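Chemist: The structure follows.
Coordinate-derived values only; no laboratory data. Nothing here was measured: the structure is a model prediction, and the numbers come from that model. Ideal geometry is used to build each Cβ from the backbone, glycine not excepted, and the neighbour counts take in all protein chains shown.
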Ligand SMILES: Cc1cc2nc3c(=O)[nH]c(=O)nc-3n(C[C@H](O)[C@H](O)[C@H](O)COP(=O)(O)O)c2cc1C
């Protein structure tokens, strides 16, 4: 059964289907120093037959160390046209080529990326001291059929959602949570 937040989110995505900006979301993790860590990432769709969100990441990036220490995440996602905000919280899982069941999905997503995105996984390690201009501009476009080892998928399993709709009159705010008996939804004051 489709989850309640997913139904609403699908409608928001549909309402913004001609707006590529709607795929940029803010992904927060717990920093290694215990402080919040937040960054923009691209929503790459849902894992087939699942409500898990897919994000592509570099294995060498800071967020991967953070997720290895604490897998919890929160996404904040704003849809301008419909004035909706989603805060989706849950558990992240990183997929590399050693995962038998999901290696195919990783390869499919790699193949779907533009060359300009694929090449970034061959750049010097993110977040380390600037090396030189050439290390970036002379990187060769990687083989489109085989993902580089630095390429990871993050699968984000949502366990709770806070939904705010400011276009509704009166404004609508709902808190959804997954429990043993499925999803519960509570309407709260905005
Ligand atoms: C528009 C935009 C889209 C981005 N998309 C991604 C993405 O899909 N995956 C990613 O890992 N970083 C993406 N980034 C870069 C991140 O925001 C961040 O700078 C980088 O991942 C390093 O973050 P970290 O040090 O917290 O790991 C994007 C940045 C911008 C501005």
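Chemist: Can we say residue 118 is free of Cβ contacts under 8 Å to residues at least 40 places away in the same chain, in contact with a helix residue (DSSP H, G or I) (Cβ under 8 Å, 6 or more places away or on another chain) and part of a strand (DSSP E or B)?
Modeler: no
Chemist: Let me ask something additional. On the basis of being part of a strand (DSSP E or B), within 12 Å of the ligand (Cβ to nearest atom) and more than 16 Å from residue 157 (Cα to Cα), does residue 39 make the cut?
Modeler: yes
Chemist: Would it be correct to say that residue 28 is surrounded by 13 or more Cβ atoms within 10 Å (Cβ to Cβ) and either under 13 Å from residue 156 (Cα atoms) or away from the ligand (no atom under 15 Å from the Cβ) (or both)?
Modeler: For residue 28, the condition - surrounded by 13 or more Cβ atoms within 10 Å (Cβ to Cβ) and either under 13 Å from residue 156 (Cα atoms) or away from the ligand (no atom under 15 Å from the Cβ) (or both) - is met.
Chemist: Another question, then. If you check 70, 61, which single one turns out to be closer than 23 Å to residue 122 by Cα and either near the ligand (Cβ under 10 Å from one of its atoms) or in contact with a strand residue (DSSP E or B) (Cβ under 6 Å, 6 or more places away or on another chain) (or both)?
Modeler: Selected residue: 61, the only one of 70, 61 that is closer than 23 Å to residue 122 by Cα and either near the ligand (Cβ under 10 Å from one of its atoms) or in contact with a strand residue (DSSP E or B) (Cβ under 6 Å, 6 or more places away or on another chain) (or both).
Chemist: Oh, and also: So residue 135 fits all but one of (1) touching a residue at least 40 places away in the same chain (Cβ under 8 Å); (2) loosely packed, with under 13 Cβ neighbours inside 10 Å; (3) not in a loop (DSSP other than H, G, I, E, B); what number is the exception?
Modeler: Among (1) touching a residue at least 40 places away in the same chain (Cβ under 8 Å); (2) loosely packed, with under 13 Cβ neighbours inside 10 Å; (3) not in a loop (DSSP other than H, G, I, E, B), residue 135 violates only (1).
Chemist: Scan region 43-58 and tell me whether some residue there is within 10 Å of the chain's Cα centre (by Cα), farther than 27 Å from residue 123 by Cα, away from the ligand (no atom under 12 Å from the Cβ) and in a loop (DSSP other than H, G, I, E, B).
Modeler: Checking region 43-58: at least one residue is within 10 Å of the chain's Cα centre (by Cα), farther than 27 Å from residue 123 by Cα, away from the ligand (no atom under 12 Å from the Cβ) and in a loop (DSSP other than H, G, I, E, B).
Chemist: Condition check: touching a strand residue (DSSP E or B) at 6+ places or on another chain (Cβ under 8 Å), under 28 Å from residue 3 (Cα atoms) and either part of a loop (DSSP other than H, G, I, E, B) or more than 15 Å from the ligand (Cβ to nearest atom) (or both). Does residue 86 satisfy that?
Modeler: Judged against the criteria, residue 86 is a match.
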